[in-house]
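Take a look at the structure set out below.
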Amino acid sequence: MIGATTIPADDEYHLHAEAAADAAYLDHPYGLGMRVPLYVISPWSKGGHVASEVFDHTSILRFLEARFGVHEPNISAWRRAVCGDLTSCFDFAAPDTVDFMAALPATAALSQRAARLEEVSPPLPGQATPPMQETGMRPRRATPYRLGARLAVSDAGRALVLANGSAERAAVFHVYDVARLDDVPARYTVGAGQTLAHALPPAGAAVDLFVIGPNGFHRRLTGRCDRFSVHVEDGATPAALVLENHTADPLTLTIADRAYGAAPAEVALGAGAARTLPLDLAKSHGWYDLQVEAGGQTLRAAGHVETGRPSFSDPANGGPGPLRLA
C-alpha cells in the first residue's frame, strides 16, 4: 500500500497513453512536482515575510479567480484542496505605501555578470558537502495547518493515525520506512477535519518511520510501536502535550528538547493512563522539537503550533543540512 486520500484525485492520474512513450506513466499521479521559490512583491506583502502554506502553479490562477471572480475549470479538486490561492501572502488591511525604489541598489553590473555565467566552468567538489541554510528569523504569515500523528493501539491492531484539524486546507503526509528508503513513501492526503491511518506491524515488532507534512511537521517513530502515543494539542492556549500509556503496566516517559533549550523531564504514567502537560513555546515562537522515550519506543515530534496570527520562522533553522537521517 502506498497511501490513501480522502479527497477525489482521479483528475491527478495519467489515464490515457497517446504514444508508446506515455505508457510508463499510466495510472501514475501527476503530483505537484519540484518546489521552486516564489517572490511576492506588492505594497501588501512588504516586510520580508515568509509564507509556509503549500502552493503550486495553479495557485496563481486561483489568485486571479479570487481577484476577478472567474473560474478556471481545469484545476483538479485535489489541487484545490491541498494548495492555497496565495491570498495568505498578503496583508490587505495594512498596505505599506512607503516609496522604496530610490533606495534599491544598482543592478546593471550584476546583471551583466549573470549573463556570462555560461562561460564559467564551475569546479567540481572533491567530496559531498551539505547544503547551507541562512540563519536568522523572518516574520511569517499564519498558515491554516493543525496536524497530528497519533499512535492508536487496539485489539484490532496498531496504526499511526494522521490527523488534519484544519477547517479549510487538506494536508499531504509522507511516511518513509527508513530501512527501505529506496521504496516509494506512503502518501496520505487528509482532508480538512479528517483522519487516515497508516497500518503498523504487530506488537513487539520494531519500526523506523519518518513522517513529514507541510509547515515543518515531522514525526519519527523508532523501536516498538505499542508503548505510548504523543500528541501536540494546538487548539488550547497555551499549547499542550498529550501523553498516553497504551500498556497494562506503568511507564516512565523521558522527554528531551532537541532544539530550543527546555530542560529534560520525566513523566510517570499509570497503566492505560493519559496526561496533558502545558507547553510554553513563547521563546521559540510556537516551534517545538521533542523526543519522548519509554519501554523501547522513541518518538520525535517537531513542528509549529498555529494560532491564526502571524509569527516568526523557526529560530533553530540555519547552518548545514544533514546528509543522513539521525
If the chain between Arg138 and Ala167 were fully extended at 0.36 nm per residue, the gain over the current Cα-Cα distance would be 7.8 nm
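Please list the equivalent ellipsoid semi-axes of the stretch 1-100, computed as the square roots of five times the alpha-carbon gyration tensor eigenvalues, in descending order and whole angstrom. Can you show the working numbers first?
Numbers: eigenvalues 233, 40, 35 Å².
They are 34, 14, 13 Å, listed from largest to smallest.
Assigning unit charges at the beta carbon (Lys, Arg +1; Asp, Glu -1) and nothing else, what dipole magnitude in debye, to the nearest 20, does the stretch 239-297 show about its Cα centre?
Values: 3 positive and 7 negative charges, 27 e Å.
Roughly 120 debye for the stretch 239-297.
Considering only protein heavy atoms, what per residue accessible area in square angstrom results for the chain with a 1.4 angstrom probe?
Details: 19480 Å² over 326 residues.
Accessible surface, normalised per residue, equals 60 Å².
With a sphere of radius 12 Å drawn around the Cβ of Lys46, what net charge do the other residues whose Cβ falls strictly inside it have (Lys, Arg +1; Asp, Glu -1)? Walk me through the intermediate numbers first.
Details: positive: none; negative: Asp91, Asp96, Asp99.
My count for the surroundings of Lys46 gives -3.
Excluding Pro202 itself, calculate the net charge of residues whose Cβ lies under 15 Å from the Cβ of Pro202, where each Lys or Arg counts +1 and each Asp or Glu counts -1.
Numbers: positive: Arg158, Arg224, Arg227; negative: Asp155, Asp226.
That sum, taken over residues with Cβ under 15 Å, equals +1.
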Asp257 label point, 7 Å along Cα→Cβ, cut-off 13 Å on backbone N: hits in the stretch 274-314? 279-291
What Rg and what Dmax come out for the stretch 266-326 when only alpha-carbon atoms are used, in angstroms? 15.1, 42
Treating each Cα of the chain as an identical point scatterer and ignoring solvent, apply the Debye formula and state log10 I(q)/I(0) at q = 0.08, 0.12, 0.13 Å⁻¹. -0.48, -1.02, -1.16
Give me the Debye-computed log₁₀ of I(q)/I(0) at q = 0.20 Å⁻¹ for the stretch 147-288, equal point scatterers on Cα only, no solvent, two decimals. -1.46
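Give the relative contact order (percent, whole number) for the stretch 89-204; include only Cα pairs under 8 Å separated by 6+ residues. Write out the running numbers ahead of the final one.
Numbers: 118 pairs, mean separation 22.0, N = 116.
Averaging sequence separation for qualifying contacts and normalising by length gives 19 percent for the stretch 89-204.
Which of the peptides 116-126, 309-319, 136-146 is most tightly packed, and how do the rest follow, judged by the mean count of other Cβ atoms within 10 Å per residue? It would help to have the intermediate numbers written out before the result.
Values: 116-126: 6.5, 309-319: 15.3, 136-146: 17.2.
Packing proxy ranking, top to bottom: 136-146, 309-319, 116-126.
Compute the convex hull volume of the Cα atoms of the stretch 123-195, divide it by the residue count, and report the result per residue in Å³ as a whole number. Each step should come with its number before you reach the end.
Values: hull volume 14.3 nm³, N = 73.
Hull volume over Cα atoms, normalised by residue count, gives 195 Å³.
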Per the 1/(1 + (r/R0)^6) rule, R0 = 25 Å and r from the Cβ atoms of Ile2 and Asn74, FRET efficiency to 0.05 is 0.45
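Peptides 93-103, 159-169: what's the order by average Cβ count within 10 Å, highest mean first?
By packing density, highest mean first, the sequence is 159-169, 93-103.
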Could you give the angle, 0 to 90 degrees to the nearest 10, between helix 57-68's Cα long axis and the longest principal axis of the Cα atoms of the chain? 70 degrees
Apportionment of accessible area to carbon and sulfur, the chain, percent (1.4 Å): 57 percent
Added length on full extension, which subtracts the Cα-Cα distance from 0.36 nm per residue, His57 to Leu124: 20.8 nm
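The values are calculated or read from the model by the stated rules, or taken from the named source; none is laboratory data. The structure presented is a predicted model; accordingly, all values stated were derived computationally and were not measured. Cβ atoms come from the backbone with ideal geometry, glycine included; neighbour counts cover every protein chain shown. The protein model used for the area step is the full one, side chains on, heavy atoms only, and it has no ligands, DNA or RNA in it. Shrake-Rupley method; radii C 1.70, N 1.55, O 1.52, S 1.80 Å.
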